[in-house]
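Here is the structure we will look at, set down as structure tokens.
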Amino acid sequence: MRIMKQLKIKEKRQRFQQTRGFTVFESLLVLTITCSFIILFETNFRQTVHIIRGELFVLEFENKLKHQQSQAITRAEVRKISTTNNVISLNGEVLLVPKETIFSDFDITFNPNGNIQSIKRAKIVVQLPYHDNQTITYQLQLGSGLYKKTTS
């Protein structure tokens, strides 16, 4: 009986000694490779986020422009939209422009019938610096309130 216990203890010790873990070098190597992949994908992800933020804000701006025109028609009142120093003003309401977009200065007034009133600056230029400096131009058509959008 005593011999059996000693054999079992000896067998457990041998199993414990055979189980080996990773060395410090192997652990550091795996950690280095993992971190380099994370850093590589993080920069691409960040660039993609900036591009998407810029495009989403441009779409939001288009909706605000159409909304101002429809409000002018519905309420039969003059509505204004303008930009100075990358801050969009909608009838006194301020809309901050994110760093992903750069707007040219403009001042547009919609008549109560929805037509554009002012002849000055009937062109809006938006630059997207994170999207290969893409430029979006809105050429507003006087008298109709419509615009032609071109990208370059």
By a straight-distance test (C-alpha under 18 Å), which aspartates and glutamates pair with K80 as possible cross-link partners, with residues fewer than eight away in the same chain excluded?
E60, E62, E93, D105, D107
I'm spelling it out carefully: the read-out is Rg/Rh (Cα atoms, Kirkwood Rh), the candidates are [x] 1.09; [y] 1.58; [z] 1.00, and one was derived from this structure. Which label?
[y]
Helix axis angle, 2-18 relative to the chain longest principal axis, alpha carbon, degrees
40 degrees
Rounded tilt (10° steps) of 24-75 against the dominant C-alpha axis of the chain
20 degrees
Rank by packing, highest mean first: peptides 131-141, 31-41, with packing defined as the count of other Cβ atoms within 10 Å averaged across residues.
131-141, 31-41
Using θ = phi - 60° and the Karplus relation 6.51 cos²θ - 1.76 cosθ + 1.60, list the HN-Hα couplings for the range 85-100 in order, rounded to whole Hz, with x at every Gly or Pro.
6, 6, 10, 8, 10, 10, 6, x, 7, 9, 10, 6, 8, x, 5, 7
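Bear in mind these aren't lab numbers, they're just calculated from the coordinates by the rules spelled out. This structure is a prediction, so every number in the text was calculated from the model and none was measured. Cβ atoms come from the backbone with ideal geometry, glycine included; neighbour counts cover every protein chain shown.
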